[in-house]
1. Peptides 378-386, 84-92: what's the order by average Cβ count within 10 Å, highest mean first?
2. Straight-line reach from K358: which aspartates and glutamates have a Cα under 18 Å away, not including same-chain ones fewer than 8 places off?
3. Using only DSSP helix segments of four residues or longer, with each worth -39500 (n - 2.57), what per-residue ellipticity at 222 nm results for the chain after dividing by its residue count and rounding to 500?
4. If you find the alpha carbon centre of segment 304-336 and of segment 162-180, how far apart are they in angstrom?
5. Kindly rank 256-266, 452-462 from highest to lowest mean number of other beta carbons found within 10 Å of each residue.
6. By how many degrees, 0 to 90 and rounded to 10, does the Cα axis of helix 337-350 deviate from the longest principal axis of the chain?
7. Net charge near A262: determine it from the other residues with C-beta under 12 Å of the C-beta of A262, scoring Lys and Arg +1 and Asp and Glu -1.
8. Between S275 and A207, what is 0.36 nm times their sequence separation minus the Cα-Cα distance? Round to one decimal in nm.
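Laboratory data are not the source of any read-out in this text; all were calculated from the coordinates shown. Model, not experiment: these values are computed from the prediction. Counting neighbours? That spans all protein chains shown, and the Cβs are built from the backbone with ideal geometry, glycine included.
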Amino acid sequence: MKKRFVYILLVLILIAGFILRSYNLKNSFSFSGEFGDNLLDIKNAVILKTIPLTGPPVSHPWLKFGPMYYWIMIPLMLVFKFDVLVGAWFGVLGGTSIILINYFVIKKVFNEKIALVSSFLISFSPLWISFSRDARFFFFTTLVFYFFLYSLWNFYENKKGLFILGFCYSLFFHFHYSPILLFPILAYFVFLKRKSLKIKDYFNLLAGLFVPFVPLLIYDFKNNFQMFYKLILWVPYRFAGFIGLYPKNNLTYETLNQSLIATTEFIGKSFTYKSSFWFYVLVIFLIIYIFSSYKYIKSKKFEFGYSFIYLSLLVGVFGIIIHGDVPVHYYLPVFSIPIIIFSAFFVKVFQRNNSFIKSILSGVIVLMLYINISYFINYYRSFDESTFSIEPNFVSLELQKQVSNYIVNDSEGKNYSLVRVGPNDQFEEYYSQNYKYLLWLYGTEPIENSSLSYTVYENVDRLSNQGKKIVNFVGPIGIVKNEK
């Protein structure tokens with residue numbers, strides 16, 4: 001392809017990807033308690049003038065992520081005066097940049113045609129768009145994936161860069177621990193090159209693996225390395241439970257079913273918004289995967305890129321089943337792979353002279369594009385400053401700001417506590433950290449156990465428990481003031 005045409009096409013793809021990720025962002029951004037908790041950590045680090053040694057919390061109370069996300073966000077929040085939407089725009093720009101990075105990395109590892117097709121599919125993939133817009137730190141696992149893939153390819157093809165390879169792999173754990181799934185892939189390609197490696201090469205790899213863990217090691221040193229001790233035991237513990245040697249984490253119908261649901265969403269939503277199509281997309285993709293991998297094995301010609309994508313997806317799915325009962329974001333380290341596999345299949349089909357199959361595949365992509373764009377426009381333009389729903393839970397940022405302003409003005413500078421009643425209020429701090437962050441931003445952060453308290457009722461159906469207490473409403477949200 002002519003370079004000028006390719007670059008024009010790539011620019012158009014990038015523009016489309018950016019628009020889809022940023023359209024009506026202010027009104028449709030879901031500012032949750034979880035993201036609010038991250039922003040409170042960032043705010044505390046700035047106020048206390050400390051450098052965070054750990055990042056966002058993990059569902060396991062004994063485990064922490066690395067601090068890279070906080071290190072990136074702190075200067076951004078300082079420059080933009082702690083605006084909540086900074087996190088959302090960071091996700092949008094990160095998600096858009098992945099389209100470009102995908103092109104250059106996949107072009108190196110495979111070829112230009114596969115790179116263009118996969119970047120095009122990522123630009124309007126519902127899975128990629130939704131994670132870009134959600135402003136969640138773990139989404140940046142997908143960005144690290146490309147650094148890891150390129151460094152692994154560079155090591156395999158050029159026999160160099162082992163320190164960078166180790167560094168890129170350990171960098172994953174600043175954003176999520178699910179990339180443990182890719183460790184067998186790293187070990188496999190290092191094993192293939194074992195005859196050409198020297199002792200110093202292994203030291204370089206280990207040094208690269210070590211460096212990103214330094215902040216966590218410093219933090220864990222104060223706790224006798226309990227976190228790392230438990231983390232090392234965590235993988236064999238999960239596997240032992242899976243095969244029935246341990247009474248927890250056993251494989252059951254429920255855990256297997258949840259893993260299959262997550263897998264179906266992961267594959268299906270990579271290509272279409274319509275959940276009713278996800279199962280059929282999964283079946284078609286499995287046919288493509290089995291056929292493509294069979295043809296590759298039968299060719300007996302080893303190619304790094306194809307070995308990587310086929311093995312990584314297989315190991316990833318198997319690892320998810322072993323873990324059991326996971327949300328879809330556990331697939332983040334292999335998010336790109338279904339689209340790359342489909343793109344490679346698409347390009348190979350178009351290299352043949354079967355016009356019928358070409359027409360079918362082209363029609364499928366056009367149909368996907370039409371369905372996704374139509375759904376996107378209808379869904380995201382429905383959001384405005386007053387959008388509110390309980391199921392699924394969504395409170396517009398503007399409504400949250402109005403609630404926070406009401407409490408700040410009503411408290412008149414007095415200390416107060418905050419409780420939230422609504423979806424997910426079983427979690428820590430009643431999942432109210434989004435309001436707590438806004439309240440701090442407006443001048444009065446809540447404290448614990450104050451004689452004055454405010455209860456924010458997103459679920460007003462539960463107001464009946466308050467008896468004759470006075471309820472003030474900000475839009476559809478009820479606020480109950482309690483003074484002891």
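1. Peptide ranking by packing, descending: 84-92, 378-386.
2. none
3. Numbers: 20 runs with 296 residues, N = 484.
Helix contribution divided over all residues of the chain: -20000 deg cm²/dmol.
4. 15 Å
5. Details: 256-266: 17.0, 452-462: 18.7.
So the order, starting with the most tightly packed, is 452-462, 256-266.
6. Helix 337-350 sits at roughly 40 degrees to that axis.
7. Values: positive: K269; negative: E265, D325.
Spelling it out: positives minus negatives among the neighbours equals -1.
8. Taking S275 through A207 to full extension adds about 20.0 nm, to one decimal.
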